[in-house]
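> I am attaching a structure below and will ask some questions about it afterwards.
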Amino acid sequence: MNIKSILAAALVIGSSSLALAQPAAQGGVTVQGSVDIRDHRAPEYYPPAPAPVVVAQTDFHRPLPPVRPPQMKMLANDTKIARFGRDTLTFARPMRLQSIKLQGETGKTSVSEVAIKFANGRQQIVQENQLLTKGGCIDIDLAGNVRNVTGIVIYGSSGARASFDVLGRA
């Protein structure tokens, strides 16, 4: 390369860097405030961003809490089989039950049969032929998983001071 081309290139590079160093407008013009750029192609309203979702940290190594068994409901308290040989319990609306429990309170009660009436019109008859005493109980599992019970009829006889409770497992 010859000297003339090197000098010409140096002058071009030097003059362009000087042009960047000095502003083009001279004459005391100053710009105040900020520049507001508007894009009219986009809609004016932007919906607010959704709230951030907080994911709870869980400890997968911790054992799950124990599952409590279904609680027993008191369906009838201090029940006694009348001298007609039966005691009838009817419910205003069907009760969802898995099992029924007869629990002796006082005296002796002879239970010969228990008839459970369901909301669909069917009934389950259980032959018990057991003596229910204080502290004793008779457990009856209902046919099916959970049934809608509308009534219970208990056949048998109770002593003079005998009473029992009827409980239901929901």
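What follows draws every value from the coordinates through simple rules; no lab data is involved. Computed from a prediction, not measured in an experiment: that's the story for all the values here. Cβ atoms come from the backbone with ideal geometry, glycine included; neighbour counts cover every protein chain shown.
> Restricted to region 77-88, and to residues that are surrounded by fewer than 16 Cβ atoms within 10 Å (Cβ to Cβ) and within 37 Å of the chain's Cα centre (by Cα), which residue is nearest to TYR155 (Cα to Cα)?
Among those residues, the one meeting the criterion is THR88.
> In region 132-142, which residue that is under 11 Å from GLN103 (Cα atoms) and aliphatic (A, V, I, L, M) is surrounded by the most Cβ atoms within 10 Å (Cβ to Cβ)?
Once the filter is applied, the top-ranked residue is LEU132.
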